[in-house]
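Engineer: This is the structure I want to talk about, given as structure tokens.
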Amino acid sequence: MRKTKWKWEIRKYSRAFLLLALLLFFSLATDTFWSFDNWSNVANIVLYQAPVLILLSIGMTLVIVLKGIDLSIGAVVAFSSTIAAILMKNTQNVVLGILAGILVGALMGLLNGILIAVVKIPPYIATISVQWILKGVTNIILQGSSLYQFPEGFKRLMQSTAWNYLLVSAAVALAMGILLTRTTYGRNIYAIGINGVAAKISGVRTELVMVSVYMIIGVLGAITGIIYMSFLGGVDANIGADFPIRAISATLVGGTYLEEGREAFPMR
């Protein structure tokens, strides 16, 4: 019994061990990846690149646990950040722009959720259709150009410290971890992923849960877009083009199974 438990623990943390092994290998094999005299590369990854992927993969984990997928997330990032940027420039109100971007992300998630849960369109078809629609609308709005020179208050708010992006992603990760493992809502998500029919018979409002999950990933996409436009200093229709595949890859590497409604190593 003890031997089986140790095997389970090793499997549970195998990805963390592999990450540390890769970090050690590249640190020793190259002079540019990381050393005691060179922290810039690792700092750039941890403080600027990782938060974006963390936010997107959290949302993708939720929809994959539901046996779904969201291929529109990159387009949601571009569209929501474009709306946020336009409002910021036109009103010089940073808070209004951020809230508008998040609202747009939630509405796009609501659209995906209704198409999938209510209209019963397969997630792949629904989200890739929304992706192309949003790409087209964003290109029309921007007319092939970029938006930049946002209000100074936006930069001060988003970059008051170098840790802001990482702290936001860590807070979201903590909240979602508690949501999935310590609440009835989280258990309902797993129940629907394992057997949606049985969950519905048991009294779970499956359509409502599915719509809400797609709204969550839409909001996370919008937050990602706002973070991205902050450190890029601009917005264009092509940002986030590779985000869906990156988010899906990170989710699967992190231990979430496709089509099985569960994580590889859920909390016990």
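The values are calculated or read from the model by the stated rules, or taken from the named source; none is laboratory data. What you see is a predicted model, and the numbers here were worked out from it, not measured in a lab. Note that each Cβ is placed from the backbone with ideal geometry, even for glycine, and that neighbours are counted across all protein chains shown. Keep in mind that these areas ignore ligands, DNA and RNA; they rest on the heavy atoms of the full protein, side chains included. Shrake-Rupley method; radii C 1.70, N 1.55, O 1.52, S 1.80 Å.
Engineer: So, in nm, how far is label VAL119 from label ALA50 when the simple model puts each one 7 Å beyond its Cα toward the Cβ?
Structural biologist: 3.9
Engineer: Which FRET efficiency, nearest 0.05, do LEU19 and GLN159 yield, Cβ-Cβ r, R0 25 Å?
Structural biologist: Efficiency, rounded to the nearest 0.05: 0.35.
Engineer: For the chain, return all DSSP H helices satisfying: extent of Cα atoms along own axis at least 24 Å; mean Kyte-Doolittle hydropathy at least 0.0.
Structural biologist: On the way: long enough: 73-91 (27 Å, 1.41); 94-113 (29 Å, 2.22); 123-142 (28 Å, 1.15); 164-182 (27 Å, 1.57); 206-232 (39 Å, 1.88).
Membrane-span-like by this rule: 73-91, 94-113, 123-142, 164-182, 206-232.
Engineer: Residues of the chain: accessible area per residue at 1.4 Å, in Å²?
Structural biologist: For the chain, the solvent-accessible area averages 54 Å² per residue.
Engineer: When the chain is modelled as a GNM with alpha-carbon springs shorter than 10 Å, which of THR91, THR206, THR161 fluctuates the most?
Structural biologist: Of the options given, THR161 has the highest mean-square fluctuation.
Engineer: Could I have the simple spin-label model distance between ALA43 and THR184, label points 7 Å from Cα toward Cβ, reported in nm to one decimal?
Structural biologist: 4.8
Engineer: Determine the gain in length on full extension of the stretch TYR148-LEU99; use 0.36 nm per residue of separation and subtract their C-alpha separation, reporting nm with one decimal.
Structural biologist: Fully extending the segment from TYR148 to LEU99 adds 15.8 nm.
Engineer: Carbon and sulfur together cover what percent of the accessible area of the chain at a 1.4 Å probe radius?
Structural biologist: 68
Engineer: If you count only protein heavy atoms and use a 1.4 Å probe, how large is the accessible surface of LYS89, to the nearest 10 Å²?
Structural biologist: 70
Engineer: Only four residue types carry charge here, +1 at the Cβ of Lys and Arg and -1 at the Cβ of Asp and Glu. Report the dipole size of the chain about the Cα centre in Debye, rounded to the nearest 20.
Structural biologist: 1060
Engineer: I would also like to ask the following. Using the per-residue mean of other Cβ atoms lying within 10 Å as a proxy for protection, in what order, highest first, do the peptides 210-223, 191-204, 68-81, 17-30 fall?
Structural biologist: In decreasing order of mean packing, 210-223, 191-204, 68-81, 17-30 become 68-81, 210-223, 191-204, 17-30.
Engineer: Zone of THR91 (label point 7 Å along Cα→Cβ, backbone N under 17 Å): which residues in the stretch 211-228?
Structural biologist: Only 223, 226 pass the distance filter.
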